1. How about region 1-40: which of its residues are among the aliphatic types (A, V, I, L, M) and in a loop (DSSP other than H, G, I, E, B)?
2. Regarding region 19-33, can at least one residue be identified that is charged (D, E, K, R), farther than 16 Å from Ala89 by Cα and either in contact with a strand residue (DSSP E or B) (Cβ under 8 Å, 6 or more places away or on another chain) or at pLDDT 90 or above (or both)?
3. Looking only at region 82-128, count every residue that is among the hydroxyl-bearing types (Ser, Thr, Tyr) and out of contact with any helix residue (DSSP H, G or I) (no Cβ under 8 Å at 6 or more places or on another chain) and tell me the total.
4. What pairs can you find where one residue is in region 115-134 and within 9 Å of Phe27 (Cβ to Cβ), the other is of a type in the set (S, T, N, Q), and their Cβ atoms are less than 7 Å apart, with a gap of 6+ or different chains?
5. Six or more apart or on different chains, Cβ under 8 Å: which pairs go from a residue in region 1-12 that's under 14 Å from Leu129 (Cα atoms) to one that's outside any helix (DSSP H, G or I)? Could you list them?
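The values are calculated or read from the model by the stated rules, or taken from the named source; none is laboratory data. No experiment lies behind these values; they were computed from the predicted model shown. Using ideal geometry, Cβ is built from the backbone for each residue, glycine included, and neighbour counts are taken over all protein chains shown.
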Amino acid sequence: MMILTGKTMVSALRPPYPYGGEFVSQFLFALRLCWFPLLISTVAFGYGAPGLQAANFLVLFGALDRLGGFFVLASIREFAPFVTAIVLAGVAGTAITADLGARKIREELDALQVLGVDPIKNLVVPRFLALMLVTGLFNIYALLFGVFRPRVGTGLDKIEELVRRRGCRCGRTGQDGRRVAGSRFGRRR
């Protein structure tokens, strides 16, 4: 594994660079493949148990006001890189490994070597560079989501409080508080 990593890095830095089109296609492939699992993972892990557990812990010490800072710090240090790495390794890494493994089984890699084409430079390096770029972009997305998550949660709490305060009544009511006949969702028919 280390030998392949070393060969990949040397091939990526040494000219010529014939893998421009393959790099773009692999980059778009990784974006298409990973955006939805990353979205689901950040929402599920971000709004799930960590907030509840941290709130319960901070209530014990009377420091519930520190929850927002805790979430931002935890997101930057642990949450965003962890979720990004798991999703990319699980989804894009599996797809790339399956593709290269299938090419090895069909002896396409040997055929490329016979033709004088370096399979590492033309197949491995574009995928390696595309995953590096996609990892950075998805990590930025997960960081932004983690940093602005408390703001979204606060906004949702304010909307809920506003609805509770005004009362959620559908339809029109008369002065006596009863619903006006024939009205629905605040309109007369």
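1. Once the filter is applied, which keeps residues that are among the aliphatic types (A, V, I, L, M) and in a loop (DSSP other than H, G, I, E, B), region 1-40 yields only Met1.
2. Yes, because at least one residue in region 19-33 is charged (D, E, K, R), farther than 16 Å from Ala89 by Cα and either in contact with a strand residue (DSSP E or B) (Cβ under 8 Å, 6 or more places away or on another chain) or at pLDDT 90 or above (or both).
3. 2
4. Partner pairs satisfying both residue conditions: Pro126/Gln26; Ala130/Gln26.
5. If the second residue must be outside any helix (DSSP H, G or I), the pairs left are Ser11/Asp118.
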